[in-house]
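J.: Before I ask anything, let me first share the structure, which is written out below as structure tokens.
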């Protein structure tokens, strides 16, 4: 996959517009979905997408093969999207707030989620803050590997994992109580 | 395998390497706790995936808008190093030269004029002026000899300085420009020789007007020697280095002075007299020397290529 991207990118670096359009066809939609998740505004997300591809055209020649083309694009898109949030950047996330330790026992949040119905999870997801949802979007929406997410967000891989757990915990707590078969009573639930 | 909770998110997302994914799958078959964790991740993944898939592909107009905003990238020449994608971009500097050949020639001449060492002009002008003044001062009939001594020397030294290899402060810039080495060399030759030729012509016409001699005789006195001395200086300066061109030109010039003073033997004197005359063969030799230099300069393996680029 990345080999194809890379050869396309080299052609873009040589001014090949067809290759540019192909890269757009391959990554436009996932990038738009990601930008939309960050901005929650269709117009600004489309602007961010446009500027991402303009930046791609301008700096295709300077792409260093340290990351995949896809990771590189998501990184550009992220900067373009965050630059469009007027005044404030997403609040820094509390670190390790809800990272569950591996025990072999599913935590209450996991149990709640596993038994919740899809619509309830979707509703809870929609209520999540963009900064919290971002890591989920990258992992399950765009399908980036954890190492790639770490590059896009410029954080260690370990932090990617804890953010995923954290986002999942917040999501579980946002589930409507009646949608779950077990009561979610928070972290005090006996473990 | 210990409980792979750390890997379950990636496992569900399908981004684990195949061997790891296999291990996780085997573990999940035996561990209800981890299986439930995985199910929780699947719920999350399903909701996120649906949400992402619900975003429609960007509208067609969006790509058109992007394409219309693409800046016209200047054609830059890239040299690939290796095959691993590491690219070294070699910048090429170019101005707009225009399409028609005469326009391009004028532009190249204009640009080269700025690159030639400016000190050439006042020095050459001063020597020419003093020489012309001296030629006006000597008794009529001797003016031609004075011009024959001064004009060729000015031309030879001027060319060595302007066209000589290695003495150019703008070498790097010239080497990175798409204008070929021959065009650059010819432009400098034209500029310097043209200016000195024009100045010498004006001086000769002025002297003829003052009655120092017949115009044709005055021209003939310096034209042949100037051509030969310039050609020798030009060829050696370009092909070797300016010091050699200047040295040989000065030697020829000194021989001529010694011959005038009667300090050399008869044979040498006759040879110098023959060379120092405006004649068909001498002009032809000079023209061939210049043409040959211009012809071979792009193929020189060493210094001149470094100095001008191909």
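J.: Residues of the stretch A:1-58 being within 11 Å of chain B (Cβ to nearest Cβ) and not in a helix (DSSP H, G or I), which ones?
T.: A:14, A:15, A:16
J.: If you check residue B:283 against the conditions, is it surrounded by fewer than 16 Cβ atoms within 10 Å (Cβ to Cβ), at pLDDT 85 or above and in contact with a helix residue (DSSP H, G or I) (Cβ under 8 Å, 6 or more places away or on another chain)? Let's see the steps before the verdict.
T.: Numbers: surrounded by fewer than 16 Cβ atoms within 10 Å (Cβ to Cβ): yes; at pLDDT 85 or above: yes; in contact with a helix residue (DSSP H, G or I) (Cβ under 8 Å, 6 or more places away or on another chain): yes.
Yes.
J.: Against the conditions (1) under 12 Å from residue B:156 (Cβ atoms); (2) at pLDDT below 85; (3) over 22 Å from the mean Cα position of the chain (by Cα), where does residue B:276 fall short? Just the number, please.
T.: Status for residue B:276: all satisfied but (1).
J.: Residue check: is residue B:71 in contact with a helix residue (DSSP H, G or I) (Cβ under 6 Å, 6 or more places away or on another chain) and closer than 30 Å to residue A:61 by Cβ?
T.: Spelling it out, it is not the case that residue B:71 is in contact with a helix residue (DSSP H, G or I) (Cβ under 6 Å, 6 or more places away or on another chain) and closer than 30 Å to residue A:61 by Cβ.
J.: If you take the residues in the stretch B:41-55 that are within 14 Å of residue B:8 (Cα to Cα) and more than 7 Å from chain A (Cβ to nearest Cβ), which one is surrounded by the fewest Cβ atoms within 10 Å (Cβ to Cβ)?
T.: Per the criteria, the residue is B:42.
J.: Exactly one condition in (1) buried (at least 22 other Cβ atoms within 10 Å of the Cβ); (2) free of Cβ contacts under 8 Å to residues at least 24 places away in the same chain is false for residue B:245; which is it?
T.: In the conditions (1) buried (at least 22 other Cβ atoms within 10 Å of the Cβ); (2) free of Cβ contacts under 8 Å to residues at least 24 places away in the same chain, residue B:245 misses (2) alone.
J.: Outside any helix (DSSP H, G or I), within 8 Å of another protein chain (Cβ to nearest Cβ) and either crowded, with 19+ Cβ neighbours inside 10 Å or modelled with pLDDT of 90 or more (or both): is that true of residue B:58 in this structure?
T.: yes
J.: Another question about this same structure. Just to be sure before I move on: is residue A:115 outside the structural domain of residue A:37 (by TED's automatic domain parsing) and at pLDDT below 90 in the structure I sent?
T.: Numbers: outside the structural domain of residue A:37 (by TED's automatic domain parsing): yes; at pLDDT below 90: yes.
Criteria met by residue A:115.
The values are calculated or read from the model by the stated rules, or taken from the named source; none is laboratory data. What you see is a predicted model; the values in this text were computed from it and never measured. Quick reminder, even Gly has a Cβ in these numbers, built from the backbone with ideal geometry, and neighbours come from all protein chains shown.
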